[in-house]
Amino acid sequence: MAHGFPLQLLLDRAQEDLDTATKQLGTAQRDRTAAAEQLDALLRYRDEYHARFSQSAQHGMPAGNWRNFQAFIDTLDAAIAQQRNVLAAAELRIDEARPNWQQKKRTVGSYETLQARGVAQETQRAAKREQRDADEHAAKILRMRADAARSA
């Protein structure tokens with residue numbers, strides 16, 4: 001447009017808000033991925049430790065070792081439960097960040113639509129001006145030819 005998009009300031013601000021919301025959503029998604037990976041690692045470790053212990057327990061085991069094993073498994077189970085809470089909290093942050101991001105994206109899209117319409121309208125006005133100027137020029141040439149033909 002000849003004078004720029006009148007709502008450019010609002011579009012710029014909406015884009016900044018979208019960028020911020022995108023970063024927040026991205027951080028929440030990375031946190032969720034990290035929490036899920038850590039939970040998976042804890043579950044694998046627990047399974048491996050349990051399998052190794054079960055294999056060694058087949059040959060007999062002192063009661064103290066059994067109590068130590070059970071205490072360690074209880075500690076791992078507590079860590080797993082805590083990590084599940086961390087994962088749930090990370091998923092909740094994603095669920096909270098996603099609608100905000102979607103709203104910011106819709107706002108930017110609305111301003112971009114308005115901008116595109118404005119550009120299209122300005123282009124149409126310019127085309128009409130050019131056509132009018134061309135028509136006026138053609139009419140002027142016809143008048144000059146008609147005047148020249150009358151005077152000759």
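None of Leu9, Leu25 is closer than 30 Å to Val119 by Cα and assigned to a helix (DSSP H, G or I) except Leu9.
Of the residues contained in the stretch 117-130, none is found to be closer than 30 Å to Gln24 by Cα, part of a helix (DSSP H, G or I) and hydroxyl-bearing (Ser, Thr, Tyr).
The single condition from (1) open to solvent by 70 Å² or more (accessible area, probe 1.4 Å); (2) touching a residue at least 12 places away in the same chain (Cβ under 8 Å) that Asp31 fails is (1). Put simply, of His50, His59 the only residue that is out of contact with any strand residue (DSSP E or B) (no Cβ under 6 Å at 6 or more places or on another chain) and assigned to a helix (DSSP H, G or I) is His50.
Tyr49 meets the conditions (1) open to solvent by 70 Å² or more (accessible area, probe 1.4 Å); (2) over 30 Å from Leu10 (Cβ atoms) in every case but one. The failed one is (1).
Remark: pairs (first residue in the stretch 82-94, farther than 15 Å from Ala41 by Cα; second residue acidic (Asp, Glu) and modelled with pLDDT of 95 or more; Cβ separation under 6 Å; 6+ apart in sequence or on different chains) = Ala90/Asp31.
If the condition is being among the charged types (D, E, K, R), open to solvent by 70 Å² or more (accessible area, probe 1.4 Å) and in contact (Cβ under 8 Å) with a residue 60 or more places away in the chain, then the stretch 97-152 contributes Arg98, Lys105, Glu112.
Taking the criterion of being open to solvent by 60 Å² or more (accessible area, probe 1.4 Å) and not hydroxyl-bearing (Ser, Thr, Tyr), the residues of the stretch 64-76 that qualify are Asn65, Trp66, Arg67, Asn68, Gln70, Phe72, Asp74. For the stretch 39-92, a residue qualifies if it is over 26 Å from Gln24 (Cα atoms) and among the charged types (D, E, K, R), and the qualifying residues are Arg44, Arg46, Asp47, Glu48, Arg52, Arg67, Asp74, Asp77.
Counting residues in the stretch 88-104 that are part of a helix (DSSP H, G or I), basic (Lys, Arg), out of contact with any Pro (no Cβ under 7 Å at 6 or more places or on another chain) and more than 29 Å from Lys23 (Cα to Cα) gives zero. Applying a threshold of 7 Å to beta carbon distances and a minimum spacing of six or more residues, or different chains, the list of pairs starting in the stretch 1-19 at a residue that is open to solvent by 80 Å² or more (accessible area, probe 1.4 Å) and ending at one that is of a type in the set (A, V, I, L, M) and at pLDDT 80 or above reads Met1/Val119.
The values are calculated or read from the model by the stated rules, or taken from the named source; none is laboratory data. The structure presented is a predicted model; accordingly, all values stated were derived computationally and were not measured. Cβ coordinates were reconstructed from backbone atoms using ideal geometry, including for glycine residues, and neighbour counts include every protein chain displayed. Ligands, DNA and RNA are excluded from the accessible area calculation, which covers all protein heavy atoms including side chains. Shrake-Rupley method; radii C 1.70, N 1.55, O 1.52, S 1.80 Å.
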